[in-house]
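Asks: Before we start, here is the structure in question, set down as structure tokens.
The values are calculated or read from the model by the stated rules, or taken from the named source; none is laboratory data. Quantities reported herein were computed from a predicted structural model and do not represent experimental measurements. Here Cβ is always computed from backbone atoms with ideal geometry, including for glycine, and neighbour counts include all displayed protein chains. The protein model used for the area step is the full one, side chains on, heavy atoms only, and it has no ligands, DNA or RNA in it. Shrake-Rupley method; radii C 1.70, N 1.55, O 1.52, S 1.80 Å.
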Amino acid sequence: MPTIGIDWEASIDLMLRAMQVTQQAGLQLLAWLHLAGEVDGQPAWPFALRLSGEVMLIDRNVARALLAALGYTAAALLLALLALLWRRARVPLFALATALLLLTPWPDAGLVTAPAHPTSFHVSPAAFSAASIVRGERIYQRQCIACHGADGKGNTPQALALPVAPPNLSSGLLWRRQDGDIYWSLRHGKGGMPAFADKLDVADSWALIDYMKANAAGVGIADTGTWPRPVALPDMPLACLHSGAAHTGQWRGQRVRLVVGRDGPGQGEDPRLQSVLLGAPAGEAVGAIDCASTNADSLRAIAIITGTAPNKLAGTELLADRDGWLRARSSGGAWSQADMLCRSPLASGAAAADSTAAPSAPDAGGLGSLIAAMDADPVRFIKGGFVH
């Protein structure tokens, strides 16, 4: 007899997405009804708490308990609806619905909620652009490096002398916490960190957050050889000979390939993706690749994200998937599965098993096989919740 299995990961993923979307939509509705104020140009969250996915990211048992409780509640509501429609069975159906509601094992409220700030659901108006990342780098070097260090790990003499050690900015902190909560901490201080609202304007604060994310990605790839957490392709200005695109953000829904340095034989356009040449001198013919980003910030942002000095990037190629996540890097030559640097734990385990089953060899499918692997293993990411 076949058994019915529950795909817990997919169900949890859907629940966390629904939690985030519901809260964001609720805030926009409150703002539209003039029931929520405004802070720094965006609607302010009016409640002391918010639903949180941080704990569920660490402890899947809490996520399963919440998902089960929601299932019991949905079943109770369905029974109540049937009771309204089925008069002869109304009393037992209502009794069963009431029993389900009373006996539903909800997880502790402290595990599914978190303290909120007025800016908890704020987002960066710069949208993780190359210009914002580079601007944030300058601010970080001026304001933050003494305590947090160049790698963000906080192992500096000044940090070690503090009563409360600063957080490790290269860990999963920036991915688990809401961007708006990090923004609030920067503006108003937290722990041993003073408030920076009088030193940084709104744009500087968001630029600093964008840089910290990019730098954490670069530190991660230097330490582990992979991007331990998803990192987006920064938005970059484009100069195209034929395409009407003005920046890479217009290509959401399409795969993007970055080529650093002059395009050589075989490095031209590919119908499966959009190609961008980085590092070409301004005004120089783009050549086989239609679009280039000659802005110095673009090359610097990629250097930060890859943990590589700009003068050592020549020949590097990067691939971003249809959702805008950077997934693979090559230093030249044929693409292979080993170039995929951002994959799910399950996919990583499968790849490791394959590598032990047979000697490693260049991927016969090349770029096509790598694109198929990217499409088959999409990044699932919800801020404060499930990370690929």
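Asks: Measure off 7 Å from each Cα along the Cα-to-Cβ vector at residue 91 and residue 146, then give the distance between these two points in nanometres to one decimal.
Replies: My value for the distance between the label points is 7.8 nm.
Asks: Extension gain residue 224-residue 18, at 0.36 nm per residue separation less the Cα-Cα distance, in nm?
Replies: Answer, rounded to one decimal: 70.9 nm.
Asks: Roughly speaking, what % of Cα-Cα pairs in the chain are separated by over 36 Å, rounded to a whole number?
Replies: Value for the chain (Cα pairs over 36 Å): 35 percent.
Asks: Let me ask you something else. Expressed as an acute angle from 0 to 90° and rounded to the nearest 10, what is the orientation of the C-alpha long axis of helix 60-85 relative to the principal long axis of the chain?
Replies: It works out to around 50 degrees.
Asks: Would you mind telling me which residue in 198, 181, 210 has the biggest mean-square fluctuation in a Gaussian network model of the chain, where springs connect alpha carbons within a distance under 10 angstrom?
Replies: 198
Asks: Ranked highest first by the average count of other Cβ atoms within 10 Å around their residues, in what order do 91-98, 135-142 fall?
Replies: So the order, starting with the most tightly packed, is 135-142, 91-98.
Asks: Could you order peptides 305-312, 320-327 by the average number of other Cβ atoms within 10 Å of their residues, highest first?
Replies: Descending mean neighbour count gives 320-327, 305-312.
Asks: Among residues other than residue 144 whose Cβ falls under 15 Å from its Cβ, what is the net charge (Lys/Arg +1, Asp/Glu -1)?
Replies: Summing Lys and Arg as +1 and Asp and Glu as -1 gives +4.
Asks: Taking a cut-off of 13 Å between Cα atoms, list the aspartates and glutamates near residue 153, but don't count ones fewer than 8 places away on the same chain.
Replies: Correct list for residue 153: 223.
Asks: Sort the following peptides by mean Cβ neighbour count (other Cβ atoms within 10 Å, averaged over residues), highest first: 222-229, 127-134, 337-344.
Replies: 127-134, 337-344, 222-229
Asks: Report the local net charge at residue 313: Lys and Arg +1, Asp and Glu -1, summed over other residues whose C-beta lies under 11 Å from its C-beta.
Replies: +2
Asks: Measuring with a 1.4 Å probe in the full set of protein chains, what accessible area per residue, in whole Å², belongs to the stretch 113-179?
Replies: Accessible surface, normalised per residue, equals 45 Å².
Asks: Please compute the modelled spin-label separation between residue 198 and residue 269, points set 7 Å along Cα→Cβ, answer in nm with one decimal.
Replies: 5.6 nm
Asks: Starting from the amide H of residue 52, placed 1.01 Å from N in the peptide plane, find each other amide H under 5 Å away whose residue is 5 or more places distant or on another chain.
Replies: 113, 114
Asks: Relative to the first principal axis of the alpha-carbon coordinates of the chain, what is the inclination of helix 130-143, with its axis defined by its Cα atoms, in degrees from 0 to 90 and to the nearest 10?
Replies: 90 degrees
Asks: Once amide H atoms are built 1.01 Å from N in the peptide plane, which residues 5 or more positions from residue 341, or in another chain, come under 5 Å H to H?
Replies: Under 5 Å from the amide H of residue 341: 328, 329.
Asks: Mind listing the lone cysteines of the chain, meaning no other Cys beta-carbon sits under 4.7 Å from theirs?
Replies: So, 144, 147, 342.
Asks: Sticking with this one: Compute the angle between helix 345-357 and the longest alpha-carbon principal axis of the chain, please, reported from 0 to 90 degrees and rounded to the nearest 10.
Replies: 60 degrees
Asks: What is the calculated FRET efficiency for residue 81 to residue 375, with r their C-beta to C-beta distance and R₀ = 51 Å, to the nearest 0.05?
Replies: 0.80
Asks: Looking only at the chain, where both bridge partners belong to it, what percent of the DSSP beta bridges are antiparallel (to the nearest 5)?
Replies: That works out to approximately 70 percent antiparallel.
Asks: Amide H to amide H, which residues 5 or more places from residue 270 or on other chains are under 5 Å from it, using H placed in the peptide plane?
Replies: 275
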